[in-house]
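The values are calculated or read from the model by the stated rules, or taken from the named source; none is laboratory data. It should be emphasised that the depicted structure is a prediction, and the values quoted were computed from it without experimental measurement. Every residue, glycine as well, gets a Cβ built from its backbone with ideal geometry; the counts of neighbours run over all protein chains shown.
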Amino acid sequence: MKLTTLLILVAMFNIKASTYAQKTKVTLDLNNSTIEKVIETIEQKTDFRFIYKMSDVDLDRTVSISVKEQSIYTVLDKIFKGTFTEFKIRDTQIILKKPELKSQNIEYEKETISGIITDENGAPLPGASILEEGTKNSTVTDYDGKFKFIVESSSSMIVISFVGYKTKKVAAGNGTLNVQLEPDATNLQEVVLVGYGTAARKDVTGAVSSINSKDMNQGAIVNPLQLISGKAAGVNINQIGSEPGGAPSVRIRGISSLIGGNDPLVVVDGIQGNLDLLSQIPPTEIENIDILKDAS
């Protein structure tokens with residue numbers, strides 16, 4: 001009997017608390033008052049108590065509100081409509097908080113694009129730069145000229161560039177981009193690879209030797225380094241073994257090095273590697289070789 005009485009009392013209390021927000025009418029007449037002042041006034045006139053984090057509510061924002069005998073739901077909607085504050089009423093407690101971000105909606109707004117970048121002959125361009133215009137969001141194509149990354153929306157503009165080719169700008173569209181770049185004849189002969197980047201030849205202050213295909217060694221060539229043996233001052237290329245096809249050693253201006261190694265850095269069409277990378281390229285496929293002889 002005692003247990004039954006307790007349950008009945010609890011149920012009656014919950015019903016009373018839940019109906020308080022529906023039955024209570026609020027009257028306010030405030031002009032250019034801060035949110036903090038509005039909250040204090042409601043708490044003074046009713047049994048409602050506000051619960052919130054200081055960082056979730058702009059207490060200094062000013063509002064003007066004039067209502068007479070309106071429900072608390074109507075009053076709060078007028079105060080916080082169009083702001084980044086949500087309210088929830090639980091019994092006599094009014095909870096204010098920022099709206100929760102819905103990750104599924106965010107992912108829906110973003111767009112995943114992929115594709116392949118090729119040259120004028122349809123051959124893939126490894127190392128081509130892919131940039132979302134107006135952002136720092138970027139990527140580069142892989143060895144097969146392919147890429148895949150996420151942009152803000154399908155209306156984003158994608159900027160595609162590659163050394164010796166004209167920069168091209170296209171819309172992200174439906175997520176698939178197959179772009180063919182055109183050679184930039186005006187700049188093709190003016191660009192020099194410098195370490196991990198590029199620079200205009202007129203701006204390069206270091207010593208650079210360029211060897212074109214017509215000046216390369218002719219004959220039975222099995223390694224690209226044999227093409228330039230004896231063609232550039234300060235560059236020593238020596239065959240260190242008698243095994244056919246063995247990679248020669250390369251020393252540029254002696255054996256000293258500030259980076260702790262004597263083998264040079266090799267960059268092939270934007271792809272960085274060592275002498276093994278160069279030895280994998282058929283000599284007949286090489287158009288020219290530029291050799292940087294100092295730290296610049």
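Here are the numbers:
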{"quantity": "Extreme residue, surrounded by the fewest Cβ atoms within 10 Å (Cβ to Cβ), among residues of the stretch 36-53 that are assigned to a helix (DSSP H, G or I) and among the basic types (Lys, Arg)", "calculated": "Lys45"}
{"quantity": "Conditions (1) closer than 12 Å to Ile117 by Cβ; (2) hydroxyl-bearing (Ser, Thr, Tyr); (3) modelled with pLDDT under 85: number failed by Thr186", "calculated": "(1)"}
{"quantity": "Count of the stretch 68-92 residues which are in contact (Cβ under 8 Å) with a residue 24 or more places away in the chain and either among the charged types (D, E, K, R) or not assigned by TED's automatic domain parsing to the domain that holds Val57 (or both)", "calculated": "3"}
{"quantity": "Search result, residues across the stretch 161-182 that are in a strand (DSSP E or B), in contact (Cβ under 8 Å) with a residue 24 or more places away in the chain and closer than 17 Å to Thr112 by Cβ", "calculated": "Thr176, Leu177, Asn178, Val179"}
{"quantity": "Residue within the stretch 19-30 that is closer than 13 Å to Ile89 by Cα, over 50 Å from the mean Cα position of the chain (by Cα), polar (S, T, N, Q) and in the same structural domain as Val67 (by TED's automatic domain parsing) present", "calculated": "yes"}
{"quantity": "Number of the exception - Thr34 against (1) within 22 Å of Pro99 (Cβ to Cβ); (2) polar (S, T, N, Q); (3) modelled with pLDDT under 90", "calculated": "(3)"}
